[in-house]
1. Got a sec to turn the phi values of segment 29-34 into Karplus ³J(HN,Hα) couplings, 6.51 cos²θ - 1.76 cosθ + 1.60 with θ = phi - 60°, whole Hz, x for Gly and Pro?
2. Counting DSSP beta bridges in segment 25-91, what percent are antiparallel, to the nearest 5?
3. Which value in nm describes the separation of the simple spin-label points at MET55 and SER25, placed 7 Å from the Cα toward the beta carbon?
4. In whole Hz, with x marking every Gly and Pro, tabulate ³J(HN,Hα) for segment 35-44 from phi via Karplus 6.51 cos²θ - 1.76 cosθ + 1.60, θ = phi - 60°.
Amino acid sequence: MQTEELTMFSPTLLSKIHELTNNSSVETFVIVGAQADSTLLMLVSVSTRFDSGLMFKELGSYATSDFAMQAAASVASALEIYEEVQIVSVNLDT
């Protein structure tokens, strides 16, 4: 049986995502979260289709924000076929 390591999202990340996505007409966001040691790439969907209204999926961790932004552009390009996507960059160390 394979077990998956689950990580909790920090309150800072959740607060910033709420702040950036509140009252937005866009339902899908690619979040580039800069931290001191790495840059996280996450997919966030804000929709009533999900029980909680919010779905997170971590897409990867990158050594530099440039690599993360390139990956974010690729993800957004692939998803824009289906719905509008916004790329948001946040600093998670503040």
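The numbers here are math on the coordinates, done by the rules we state, and not lab data. Here the structure is a predicted model, which is why all the values come from computation and not from measurement. Cβ coordinates were reconstructed from backbone atoms using ideal geometry, including for glycine residues, and neighbour counts include every protein chain displayed.
1. 10, 9, 9, 9, x, 7
2. Numbers: 15 of 22 bridges.
Here the antiparallel bridges make up roughly 70 percent for segment 25-91.
3. Reported label-point gap for MET55 and SER25 is 2.3 nm.
4. In residue order, the calculated couplings are 10, 4, 9, 7, 10, 8, 10, 10, 9, 10 Hz.
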